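First the structure, in the form of structure tokens, and then the observations on it.
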Amino acid sequence: MFQAKELITIRSGVLVLTDDQARRRASCLMPSIKAGAYTVTAPVQIKAGEVFGINGDVDKYLADRIINLDPKVNASRRKK
């Protein structure tokens with residue numbers, strides 16, 4: 001899971017969202033096969049502080065604007 005540091009726009013891919021997050025963005029999403037996962041069909045904005053998931057790779061634009069909440073990833077970065 002990730003947390004947005006600032007307002008971000010996601011234009012494609014599959015997001016993992018809560019029911020409330022998906023409901024507020026219903027016109028931009030299509031439910032995916034996996035529960036809680038939604039395919040982006042139109043640009044989706046994620047507000048600063050919101051927690052969400054992304055299925056797939058994170059590009060540089062997003063990587064600079066999100067915090068990875070996975071403790072394993074954060075621990076391995078601290079060791080470098």
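Where a number appears in this text, it was derived from the coordinates with a stated rule and is not lab data. Quantities reported herein were computed from a predicted structural model and do not represent experimental measurements. Note that each Cβ is placed from the backbone with ideal geometry, even for glycine, and that neighbours are counted across all protein chains shown.
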*Highest GNM mean-square fluctuation, the chain, Cα pairs closer than 10 Å: which of VAL58, VAL44, VAL14?*
VAL58
*Most exposed first by the Cβ proxy, i.e. fewest other Cβ within 10 Å, how do LEU15, LEU29, LEU62 rank?*
LEU62, LEU29, LEU15
*Of VAL44, TYR61, ILE10, which is farthest along the charge dipole of the chain in the positive direction, counting Lys and Arg as +1 and Asp and Glu as -1 at C-beta?*
TYR61
_the chain: calculated mean residue ellipticity at 222 nm from DSSP helix runs of at least 4, using -39500 (n - 2.57)_ = -5500 deg cm²/dmol
*Pairs of Cα atoms under 8 Å, at least six residues apart: use those to get the relative contact order of segment 2-79, whole percent.*
44
*Would you mind checking the radius of gyration and Dmax of the chain based on alpha-carbon positions, in Å?*
12.8, 42
